[in-house]
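The values are calculated or read from the model by the stated rules, or taken from the named source; none is laboratory data. None of these values were measured; they are calculated from a predicted model. Every residue, glycine among them, receives a Cβ derived from its backbone with ideal geometry; neighbour counts consider all protein chains shown.
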């Protein structure tokens, strides 16, 4: 399947139209894939289908999942009494998510085919793609907190059970962590979710993984399909996450909310920040919470400044029950999966005034700058049953004088107003997300390109140039100029010259492809 791809110079209809240097790969579905997709599409009871897709990294899990989802939402060969209302997708790969920013897991209701890569649709709450519920892991890997990851997935599955079960099939796309703790997570999920079909995207093992998955199945069959790794590896997982995050922050939220997708090409320094107060009785930010590493209070402002944080909506004060043992007036009942608290107090959802609903203020400490912090020395997490992620923000600055945070976030202010109007709280979670180094130098790159003489590339073939070159200035990026050597006028950016502060062997080496073609060549 090859679709028309339009550019300013060329329109591609078939693979033969592609430029010689373009890294484009035809989408070829193996016959085993097609057979299994056809079987799942013609199931007699489609509304009870739940397909669990797992396998090693880069084995084709996402590609197979998209083909299956597209077949489900576009198949019109069924009789009217045997159709379903879209497809529910449990996107639980925080490193390479399809419908949320990296570091999150989500439940999405899909009513249209997926025809674009994930970084072309950073918002999953538009048009016929509706985000039902999302949770923040604040990390791109479940390894940071496997138990919290499991709890988040179970909460999303419970939401599917309560809203979409019986109306549409469920597709579960998992991370490529299939050994050790990752295998334990997969087997626990299979045993808990009890899918009708389990797809393992490899016919080459590992044998330990296959046997463990088979032992966890209850009435389902493990289908081993051939993997289809990409022929080209021009982008690493980090590159793809960076592209996805850049797309998210550069999107125009007003247009995206109307079902369109349009990006702002200007650097983030030109985007007015959202100023949110963290001081006073009616503060917009209730508290800041750190997963994993806990910086000292004196360094908290420096730790969050310039970092990515997850914006979490607290729906009920029970979300903090992991932080301490509540001596509540209600009873405590031991249930499967954790401790269920039966509280006889009113939840926050019944209180609108933020200054009167903070019944958990005794948990908060304040830094010297007045930043409200939820101390978390034991590495606890917010309970996903009573909280959900709203979005991701880049902390552009901390105004300690006005006690406010300057946040860059593509969400409309109305979304935050809805949270406050519902009487809920907003907590910023700092974790182990990738550092947004690309955002620090966007303005410098733009100014450099405007001041320098551009090369005429109109006659160059479309495609990627060689990543290896003899010109080390491409890797060093010396266009960021500063007044002092090793310093620049850009926060968090240091200018390096040549091989300064670089380890031996870190230079980019070029492979000579013309060996044997010169006059000095020998046999």
Got a sec? Which of 256, 247 is at pLDDT below 90, outside the structural domain of residue 65 (by TED's automatic domain parsing), over 29 Å from residue 374 (Cβ atoms) and crowded, with 17+ Cβ neighbours inside 10 Å?
-> 256
Is one or more of the residues making up region 48-57 closer than 30 Å to residue 131 by Cβ and either at pLDDT below 75 or outside the structural domain of residue 132 (by TED's automatic domain parsing) (or both)?
-> no
Strands (runs of 3 or more DSSP E) wholly inside region 329-431 containing at least 3 residues that are surrounded by 13 or more Cβ atoms within 10 Å (Cβ to Cβ), at pLDDT below 90 and touching a strand residue (DSSP E or B) at 6+ places or on another chain (Cβ under 7 Å) = 338-341
Can you name the residue in region 154-166 that is modelled with pLDDT under 95 and out of contact with any strand residue (DSSP E or B) (no Cβ under 8 Å at 6 or more places or on another chain) and is also farthest from residue 65 (Cα to Cα) among such residues?
-> 162
Pairs with Cβ under 7 Å, 6+ apart, first in region 191-212 and without any contact (Cβ under 8 Å) to a residue 40 or more places away in the chain, second buried (at least 17 other Cβ atoms within 10 Å of the Cβ) and part of a loop (DSSP other than H, G, I, E, B) = 209/178
Is it fair to say residue 309 is at pLDDT 90 or above, within 27 Å of the chain's Cα centre (by Cα), outside any helix (DSSP H, G or I) and closer than 30 Å to residue 129 by Cβ?
-> yes
Quick one: is residue 321 outside any loop (DSSP other than H, G, I, E, B) and either surrounded by 13 or more Cβ atoms within 10 Å (Cβ to Cβ) or modelled with pLDDT under 90 (or both)?
-> yes
Run down 213, 171 and say which single residue is closer than 17 Å to residue 91 by Cβ and modelled with pLDDT of 90 or more.
-> 171
Would a scan of region 9-29 turn up a residue that is in a helix (DSSP H, G or I) and at pLDDT 75 or above?
-> no
Among (1) touching a helix residue (DSSP H, G or I) at 6+ places or on another chain (Cβ under 6 Å); (2) surrounded by 14 or more Cβ atoms within 10 Å (Cβ to Cβ); (3) modelled with pLDDT under 90 - the single one residue 283 does not satisfy = (1)
Residue by residue through region 257-301, note down the ones that are farther than 19 Å from residue 428 by Cβ and part of a helix (DSSP H, G or I).
-> 269, 270
